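The values are calculated or read from the model by the stated rules, or taken from the named source; none is laboratory data. Here the structure is a predicted model, which means the values were calculated and not measured. FYI the Cβ positions are ideal-geometry reconstructions off the backbone, even for glycines, and counts take in every protein chain you see. Each accessible area value is taken on the protein alone, full model and side chains, heavy atoms only, with ligands, DNA and RNA left out. Shrake-Rupley method; radii C 1.70, N 1.55, O 1.52, S 1.80 Å.
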Amino acid sequence: MRNYYILLLFLSSVPLIAKQTVEILAKNVKAYCDKVEAYDDVVVLYDDSVIKSQSAFFDKQTSLLTLKGKVEMVGKKGNRVASDELVLDTKKKDINFKDTMVSTQNSLWIKSNDGKRVGEEIELGNSRLSSCDVANPDWEIVFDKAHLYNDDKYATLTNAKLKFFDNTIFYFPYFAFPTLTERTTGLLMPHFNLASKDGFTYEQPIFIAPDTSWDVELKPQIRTNRGSGLYATTRFVDSPTSHGDFTVGYFENNAEYINSYEAQKEHYGAEFKYQGRDIFADKKILDDNDYHDGIYANFTYLNSGLEYLNLQKSGNTSLISSNLIESRFNYFLDNHDNYFGLYGKYYIDASKQSNTSTLQNLPTLHYHRYFDNTIFSNQIFYTIDAKVSNYTRNIGSSGTNAEIDLPITYEDSFFDNYLNVAVSENIYANYLKFRNPNSENYQYFTNYHKFKLFSDLTKGYDEYRHILQPSVTYTLPSVKKEYGAKYEELSSEQKELFTTKIEEEKINFDISQYLYNDNLENSFFQRFGYVTFPSRQENNSEMYNEFLYNDEFKRIYNNIVYSPQENEIRSVTTSGGYKIDNYDIMLTHFLNNDTLSGANQGSFIDGRVNYKLDEKDSFYANADYDTKNNFNHKWDLGYTHNEKCWSSKISIGQETIPNLEKPFRNSRLYFELNFYPLGGIKQNIEKELSPLER
């Protein structure tokens, strides 16, 4: 018994070769001549790896270290190798193993009858691969041979078969995939489609990751009845707070397609997107460290039409139908007092042969002084909002518009802060300088007064806090003057260049209330108001009511605008959500019946239902119905299944796609099968588009 405890506490560290030290730790270690034997809870430290086994044998003459019995090797990056027997050549750093299982950082395992490691390459014989349960995997890839390269960063398989519940669903003569969660160069999942117009479409994305800060994706495509093309996208991250991407593409139609559809021979274009924050402020270019800035850019170039964009889409439902393509640039710089903005918009009208008459906004300069600033006393506040916009086009009216909005507000409190008073004088001026010959410039000036009485009342209860905010606001216009050209005399093209700010006399009664629980979560909100316009003969009043109720299981929202004089509802939005047990239901209704802007009139109902059958299976249904035009805009039915190592989704649906002449109805069947972490199969089968008759 005494010897047992001595052996239990005994650890040995044996230097075996000069250049590489192998440390053997065990309860029982024997060393004689050129051999070392170790038994019972053996731990070997070798080449940044930790190896556990039941026994270990080392021969100094051959430099071979043999480990037997439940061998487990953990690499420096967390990858694991489990084997019945492991033989290491400590001089060459080669390894041979039998009945082995290799596991990677992303939960993949490979089980092999035999294998070896030579340098940075691991070679396995007849094997199985999966991320499911080892004893009975739902899916697996069986193969004749495998190689793991570059410190286990990726693997290649030869003669591989993908099995799903013991049924072979795909055969790969050669298959490669990364074994780390890092981005690596390789092929992405291809895209297939079949349509009578374009024929069979095959697109094979190629992903290139030369650096952690940028990558490239090449997307060559072939359409058997149409032609071929290539799109290339470069994505980059140039700072922790900014990133962007750049895409160029080219597609060439074949002669048969050009003759059949009177199509152009070539479609090409380019896109650039970039956004970021603290571009200059973070680099301390500005003396005031309180400043922050941000940038957003989205530029698109097309040689003509929308085909350059739509040839990148995977299905009919994602096609771009709007002919007006916008490029935009926004930059802002602000602190707690000031805001500076620089904006630009450039439009391509794909329905036109030339965009010489399309109005462009290049650029707009914007300055805003925030309301926190005071003058003369702490009760007089002011804010400034100024813009200068340049509108240009080669054919048609163009010019520069400058406008300034200056409200000055006096605020005070009475009766122990129960009553607050705000009085403001508001000045607005607009100046438009036309660049067209013989066009008189337009100037507009107005000022108006605002008087507001309001209160902010709060009362606490045991489980919640109630906030009440009543107010009355009276707006009274004062001076309105035009200089130069008269607004009524301007052409429609000239009126496109600006919008005047016109205030009218009105009285607004408003009361808002909120309920917050102890966690400061808003469980109830309501805002009711009545607005009257004394100077109007028609449409001289409206009422509105908005409320929200929210708890653990329910969410109810309603916003309604009503015209008492016309006795009609102008607009209403209602939504209700219910989530309990396995059900998640959402119903939304929207109605816009504004007779003053008939183009915006519309009404639709949107419903969404999710039913969770159990932890793995769920069903869902979505529908969107246009009640004004009496047609089903969109519906979708689907089923999802999630396992630890794979998931699937299947859905059927139909969508009505807008079109200038007639809308089109598109039916589709969607199927998705994912095998974690390798990826999966996605297929969208769409019925050929056909005009929708009503």
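Values as computed for the structure displayed
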{"item": "Qualifying trypsin sites (Lys or Arg not before Pro) in region 485-545, DSSP loop, other Cβ atoms within 10 Å at most 15", "result": "LYS486, LYS501, ARG536"}
{"item": "Shape call, region 140-276: gyration tensor on alpha carbons, a/c limit 1.5", "result": "oblate"}
{"item": "Compactness of the chain as Cα Rg over 2.2 N^0.38 Å, two decimals", "result": "1.35"}
{"item": "Cα centroid separation - region 625-651 against region 162-227, whole Å", "result": "25"}
{"item": "Rounded, prolate or oblate (a/c below 1.5 giving rounded, otherwise prolate when a/b exceeds b/c) for region 330-411 by Cα gyration tensor", "result": "prolate"}
{"item": "Sparse-neighbourhood loop sites, chymotrypsin sites (Phe, Trp or Tyr not before Pro) in region 536-593 - DSSP loop, at most 15 other Cβ within 10 angstrom", "result": "PHE553"}
{"item": "Computed label-point distance, nm, for sites GLU463 and PHE165 using a 7 Å Cα→Cβ extension", "result": "4.7"}
{"item": "Area accessible to solvent at GLU672, 1.4 Å probe radius, in Å²", "result": "30"}
{"item": "Amide H partners (placed H, <5 Å) of ASN303, local residues excluded", "result": "TYR268"}
{"item": "Shape call, region 481-634: gyration tensor on alpha carbons, a/c limit 1.5", "result": "prolate"}
{"item": "Whole-angstrom gap from region 480-519 to region 321-382, using each part's C-alpha centre", "result": "18"}
{"item": "Across the chain: Cys residues that no other cysteine approaches within a C-beta distance under 4.7 Å", "result": "CYS33"}
{"item": "Region 342-465 - percent of accessible surface contributed by carbon and sulfur, probe 1.4 Å", "result": "55"}
{"item": "Length-normalised contact order for region 102-257 - Cα pairs under 8 Å, 6+ apart - percent", "result": "12"}
{"item": "Amide H contacts under 5 Å for LYS93, placed H, 5+ residues apart", "result": "none"}
{"item": "Those chymotrypsin sites (Phe, Trp or Tyr not before Pro) in region 98-178 that DSSP places in a loop and that have at most 14 other beta carbons within 10 Å", "result": "PHE165"}
{"item": "MRE, 222 nm, helices only [DSSP H, n ≥ 4, -39500 (n - 2.57), over the chain, to nearest 500]", "result": "-500 deg cm²/dmol"}
{"item": "Accessible area of the chain divided out per residue, in Å², using a probe of 1.4 angstrom", "result": "57"}
{"item": "³J(HN,Hα), Karplus 6.51/-1.76/1.60, whole Hz, each residue of region 264-280, x for Gly, Pro", "result": "6, 6, 10, 10, 8, x, 8, 9, 9, 10, 7, 8, x, 10, 6, 5, 9"}
